[in-house]
Every structure is written in C-alpha cells, then in structure tokens.
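Participant: Take this structure, written in structure tokens, and hold onto it; I'll ask about it next.
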Amino acid sequence: MFDVLIIGGSYAGLSAALALGRARRQVLVIDAGRPRNRFTPHAHNLLLHDGDAPADLAARARQQVAAYPTVRLLTTKATAATRLPTGEFEVSTSHGTYQAGRLLLATGMRDELPPVPGFAECWGKSVIHCPFCHGYEVADLPTGIWNNGDEVGLQVRMLLNWTRELTVFTNGPATFGPEVRQLLQAHAIPLEETPVAALLHTGGQLAALRLADGRELPLPVLYARPPAQQASMLPQQLGCELTSQGFIQLTENQLTTVPGVWAAGDCCSPMPQLALAIAAGNLVGGTLSRELIFSS
Ligand SMILES: Cc1cc2nc3c(=O)[nH]c(=O)nc-3n(C[C@H](O)[C@H](O)[C@H](O)COP(=O)(O)OP(=O)(O)OC[C@H]3O[C@@H](n4cnc5c(N)ncnc54)[C@H](O)[C@@H]3O)c2cc1C
C-alpha cells in the first residue's frame, strides 16, 4: 500500500515524486519511458540544463529520485486504473497491481504525426513544434509553416520574430480569411497549396519538400503543430473530465474532477514546456504532501 501512485514518471511525475518522497510519503512511480520530447537531440529553454539531451535529463532525474527509499520506480505501462469500494485506487500493470489513497496522472500528450514519408524522421530535429524550444537554433533560415486556417496568421506573426524567410504550406486549398492573405502579401510570404507528398532529409535534417505535383522545394526547417491527444486512456477510464482542447480539466491546485485524482504536466496544460511541467509536479507534490499530513 502506497500513499500516492504516480502514473507517468517524466518531468512532471518525477518532480512530484521528489517533493513527496522528501516529505516521507511512500510513492510508486509507474512509467513507460516515452517522454514527449524523446525525438529531439537537445532540450532548450530550461534554465540550468539548456541544450542537454532529453535522455540525459531523464537518466539524471530518475537517479536523483531513486536515491530516496520512500520512492519506488517501476518501468512499465499502467494498463488499468479503478477506484475500489474502499475508496482507494488500484492500478494494474504486467508486473502486478498496486494500491494507494491518492493517484497522480502525469501521463503527457501524444502528437499525432501526419503519415507523410519523412515527417516522423524529421520530427523534433528539423520539423519543430515550438519556436521558444527550438527557434533560436534555426533563426533566419528559410522556414516553412505546415498549417491551414486562421491560426496561420497568428503563427506567421509569431515566427517573423525568428525569420523573415517564411513559406506557408496549407496541404490543400487555403481555408483562412482575407486578413491572413493580406498578412502574407504584406510580408511577401509565398503560399503553397499543393499537398506535400514527402519530406526529403538526411538523418532527420530536412533538405526539401516534395510536392504532389513532383516539384521539390529546398527547405531546411518546417514548423508544424500536429493534433495531440491524451497519451493514456487512464484519465478517461477514471472518469476525469477533459477540456474542449482535450486536456484533463483541473478544479483547483492540480486536482481533477475526480476526488483523489490529481494531474500535472502536459496532460492538463496547453503550454507544453519542460520548466512548466517540472513546476506543476513540484506544486502538486507539495500540495498532496500537505493534504496527506493534515488529513491523517
Ligand atoms: C519534439 C518535441 C520537442 C520538445 N522540446 C522541448 C524543449 O526543448 N523545451 C521545452 O521546454 N519543451 C519541449 N517540449 C515539450 C516537452 O516535451 C513537454 O512539455 C514535457 O515532456 C512534458 O512533461 P510531462 O512529464 O508532462 O510529460 P512527458 O514528458 O510526455 O511524460 C509522460 C510520461 O508518462 C508515461 N506514460 C503515459 N501513459 C502511461 C501509462 N499508461 N503507464 C505508464 N507510463 C505512462 C510516458 O511513457 C512518459 O514517460 C518538446 C516537445 C516535443 C514534442
């Protein structure tokens, strides 16, 4: 019997485990080892660790948390989670079932990459999702925007801060309004509506986009915002409400709509950033510790 079961032991989950373990709570962290940024060679915008490899960050974080005898780390997938008639939560894995009075979901989000040849290979390397994370390294380079709809206007205004050499790829007829068209014209930004057939690359470094009509347009960088969904079905299985954007709905202090179930990190936040996930884990770890102290 543990005080808290944490499902997802990446930035948010391990940060919470650190706070809880230091508060002498018995914690089990169950983690399948698939952090969202595992595709990128370097993590950025993270003070003290700017430019570190995600695999190194994960290894060091696990090592630091594992030093506490109060915390147990289990590398496996949690396959089911239920509330028992006693009020406790039970989580199943292929290693066995585990129980605790509190459950923390730090399961992250999964990006649904388009099935275009080369896209997955370039994801996180030269196809990037966020200028704050990776824009500095590719500033001033010819850059594509893979998007459609009025959101393109916002993205163009944002990315002009990093490069003036933009091309918009809408993968079919543009669906945005006249304001976005005027914005593109004002900045002489080409609009390419022909669908992209393939990303040509070497080891994930983009060289060109091949369009459906056979043309090849040289391009070293592409921004894309593929749709994302909960990485795990457990939040829905437990009855946690989701927001209209698909994030776990929080009530207060990282608590979900299900009493006793808490959440932290990307799974409940529209701002995917390492520093924010670590901060949310720290917040929920402290909040849960206090709750456990005062309820005993
Ligand atoms: C390509 C890419 C590059 C990025 N680069 C940066 C960057 O440079 N700087 C930055 O600030 N942000 C970056 N981000 C965002 C960053 O990756 C996320 O904000 C961060 O990983 C969120 O941490 P998290 O702990 O909430 O979730 P994650 O890191 O995604 O971890 C979730 C964990 O839960 C586990 N899990 C899920 N379901 C289960 C289950 N059923 N059982 C057991 N375990 C489970 C997963 O295996 C995973 O280990 C990047 C994102 C992407 C996609």
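Participant: Looking at region 212-230, can you tell me whether even one residue there is modelled with pLDDT of 95 or more, within 11 Å of the ligand (Cβ to nearest atom), closer than 30 Å to Val27 by Cβ and surrounded by 21 or more Cβ atoms within 10 Å (Cβ to Cβ)? Explain how you work it out, then say what you get.
Facilitator: Pass one, region 212-230, residues modelled with pLDDT of 95 or more: 212-230.
With the extra rule that they be within 11 Å of the ligand (Cβ to nearest atom), the set shrinks to 224-226, 228, 230.
The next check asks that each one be closer than 30 Å to Val27 by Cβ; those that pass are 228, 230.
Subset that is surrounded by 21 or more Cβ atoms within 10 Å (Cβ to Cβ): 230.
Yes - at least one qualifying residue is present in region 212-230.
Participant: Only one of these is under 30 Å from Ala208 (Cα atoms), without any contact (Cβ under 8 Å) to a residue 60 or more places away in the chain and assigned by TED's automatic domain parsing to the domain that holds Ala280: Pro85, Pro54. Name it.
Facilitator: Details: Pro85 fails: under 30 Å from Ala208 (Cα atoms).
From the options Pro85, Pro54, the qualifying one is Pro54.
Participant: Is there a residue in region 220-240 that is out of contact with any Cys (no Cβ under 6 Å at 6 or more places or on another chain), in a helix (DSSP H, G or I), in contact (Cβ under 8 Å) with a residue 40 or more places away in the chain and of a type outside the set (A, V, I, L, M, F, W, C)?
Facilitator: yes
Participant: Across region 240-296, what is the number of residues that are at positive phi and at pLDDT 95 or above? Talk me through it step by step, then tell me what you get.
Facilitator: The initial filter retains those residues of region 240-296 that are at positive phi, namely 246, 253-254, 260, 265.
From the residues that got through so far, the ones that are at pLDDT 95 or above too are 246, 260, 265.
The qualifying residues number 3.
Participant: So which of Ala279, Ala275 is within 19 Å of Val29 (Cβ to Cβ), under 17 Å from the mean Cα position of the chain (by Cα) and assigned to a helix (DSSP H, G or I)?
Facilitator: Working: Ala275 fails: within 19 Å of Val29 (Cβ to Cβ).
Exactly one residue qualifies, and that residue is Ala279.
Participant: Hey, another quick one. Read through the list (1) free of Cβ contacts under 8 Å to residues at least 24 places away in the same chain; (2) in contact with a Pro (Cβ under 6 Å, 6 or more places away or on another chain), then give the number of the only condition that Ala188 fails.
Facilitator: In the conditions (1) free of Cβ contacts under 8 Å to residues at least 24 places away in the same chain; (2) in contact with a Pro (Cβ under 6 Å, 6 or more places away or on another chain), Ala188 misses (2) alone.
Participant: Let me ask something else. When you scan region 246-253, do you find a residue that is in a strand (DSSP E or B), in contact (Cβ under 8 Å) with a residue 24 or more places away in the chain and out of contact with any helix residue (DSSP H, G or I) (no Cβ under 7 Å at 6 or more places or on another chain), even just one?
Facilitator: Here is the first cut: in region 246-253, the residues in a strand (DSSP E or B) are 248, 250.
The next check asks that each one be in contact (Cβ under 8 Å) with a residue 24 or more places away in the chain; those that pass are 248.
Filter once more, keeping what is out of contact with any helix residue (DSSP H, G or I) (no Cβ under 7 Å at 6 or more places or on another chain): none.
No; the residues of region 246-253 include none that is in a strand (DSSP E or B), in contact (Cβ under 8 Å) with a residue 24 or more places away in the chain and out of contact with any helix residue (DSSP H, G or I) (no Cβ under 7 Å at 6 or more places or on another chain).
Participant: Could you grab the pairs with beta carbons closer than 8 Å, sequence gap of 6+ or different chains, first residue in region 22-39 and outside any loop (DSSP other than H, G, I, E, B), second one among the small types (Gly, Ala, Ser) and more than 9 Å from the ligand (Cβ to nearest atom)?
Facilitator: From region 22-39, the pairs are Val27/Ala17; Val27/Gly21; Leu28/Ala100; Val29/Ala17.
Participant: Then there's this: Which ones in region 57-82 are in a loop (DSSP other than H, G, I, E, B) and more than 10 Å from the ligand (Cβ to nearest atom)?
Facilitator: Result: Ala67, Tyr68, Pro69, Thr70.
Participant: If I ask for residues that are in contact with a Ser or Thr (Cβ under 7 Å, 6 or more places away or on another chain) and within 12 Å of the ligand (Cβ to nearest atom), which ones from region 255-264 would you list?
Facilitator: If we filter region 255-264 for residues that are in contact with a Ser or Thr (Cβ under 7 Å, 6 or more places away or on another chain), which is where we start, we get 257, 262-263.
Matches in region 255-264: Ala263 only.
Participant: Sticking with this one: When only residues in region 123-141 that are more than 10 Å from the ligand (Cβ to nearest atom) and touching a strand residue (DSSP E or B) at 6+ places or on another chain (Cβ under 7 Å) count, which is nearest to His187 (Cα to Cα)?
Facilitator: Checked region 123-141; the qualifying residue nearest to His187 (Cα to Cα) is Leu141.
Participant: While we're looking at this one, here's another question. Just one of the numbered conditions (1) within 18 Å of the chain's Cα centre (by Cα); (2) not assigned by TED's automatic domain parsing to the domain that holds Leu200 is not true of Pro69; which one?
Facilitator: (1)
Participant: Under the condition of being more than 6 Å from the ligand (Cβ to nearest atom) and under 14 Å from the mean Cα position of the chain (by Cα), which residue from region 10-56 is surrounded by the fewest Cβ atoms within 10 Å (Cβ to Cβ)?
Facilitator: Arg38
The values are calculated or read from the model by the stated rules, or taken from the named source; none is laboratory data. Everything numeric here is computed off the predicted structure, so don't read it as measured data. Glycine also receives a Cβ, built like all others from the backbone with ideal geometry; neighbour counts cover every protein chain displayed.
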